[in-house]
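Here you go, one structure.
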Amino acid sequence: MRNFVMTVMAIVLGVSSAAAQNPISDSIRSQWNGVKRNIKESAEQMPEENYKFKPTPEVRSFGEILAHVAGASYVFCAAAKGEKPPFDEEHFEKTATTRAAIVKATNDAIAYCDGAYTALTDATAAQMVPGAFGGSQSPRSSALIGQIGHDNEHYGNLVTYFRLKGMVPPSSKRQ
């Protein structure tokens, strides 16, 4: 019996320590999973007739915000991957003008970024890569954290647009 208890304890401790091997990258990934869900669900929830909605003429429409987020995501995540961005920041704002095209651009950008977040470990988070948007070299994690911040900032804009249209935004719907 004592051997059985010792074996179970060894397994539990092994699993616990394995789960804690990458606490920094796991935390970054968790933040990414939250904001990507909000962005994806926003794109899917808003009806097509509201994609051109702007609270004032000086700001981006709902669809333009999502298109901007998609383009910027490629720039941030390409930096984290050490690649040249496949699309520039403005690409989708210029080319994706329908709800279907913007939802596709959003989902494709999320899939592209998923690769960068999935590959991240605590060790690779500290590796120096060329900065996003032509910035100087910075840790790989900096590009990914910057992307999360950027997405959260624009999700805040989308929340306001939902509220102005009398709709409940995705994150509030889940509460």
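Rounded to the nearest whole Å², what accessible area per residue is found for segment 34-113 with the 1.4 Å probe?
I get 46 Å² per residue for segment 34-113.
Taking the chain as the reference, fit the longest principal axis to its C-alpha atoms, fit the long axis of helix 140-164 to the helix C-alpha atoms, and give the angle between the two in degrees, 0 to 90, nearest 10.
So the inclination is approximately 50 degrees.
Another question, then. Report, in deg cm²/dmol and to the nearest 500, the calculated mean residue ellipticity at 222 nm for the chain, where each DSSP H run with n ≥ 4 adds -39500 (n - 2.57) and the sum is divided by the residue count.
Calculated at 222 nm, the ellipticity per residue is -22500 deg cm²/dmol.
Would you mind telling me the share, in percent, of accessible area of the chain contributed by carbon and sulfur at probe 1.4 angstrom?
Of the solvent-accessible surface of the chain, carbon and sulfur hold 58 percent.
Could you tell me how many degrees, from 0 to 90 and to the nearest 10, lie between the Cα long axis of helix 23-45 and the main elongation axis, the longest principal axis, of the Cα atoms of the chain?
30
On a 0 to 90 degree scale, rounded to 10, what angle separates helix 62-81 from the longest Cα axis of the chain?
40
How about segment 48-150: which GluC sites (Glu not before Pro) there lie in a loop by DSSP and see at most 16 other Cβ atoms within 10 Å?
Answer in residue order: Glu58, Glu83, Glu90.
Hey, rough spin-label estimate for Ser172 and Gln21, points 7 angstrom out along Cα→Cβ, what's it come to in nanometres?
Output for this residue pair reads 4.3 nm.
The values are calculated or read from the model by the stated rules, or taken from the named source; none is laboratory data. Quantities reported herein were computed from a predicted structural model and do not represent experimental measurements. When we count neighbours, we look across all protein chains shown, and the Cβ atoms used for this are built from the backbone with ideal geometry, even at glycine. The accessibility values were calculated without ligands, DNA or RNA, using every heavy atom of the protein model including side chains. Shrake-Rupley method; radii C 1.70, N 1.55, O 1.52, S 1.80 Å.
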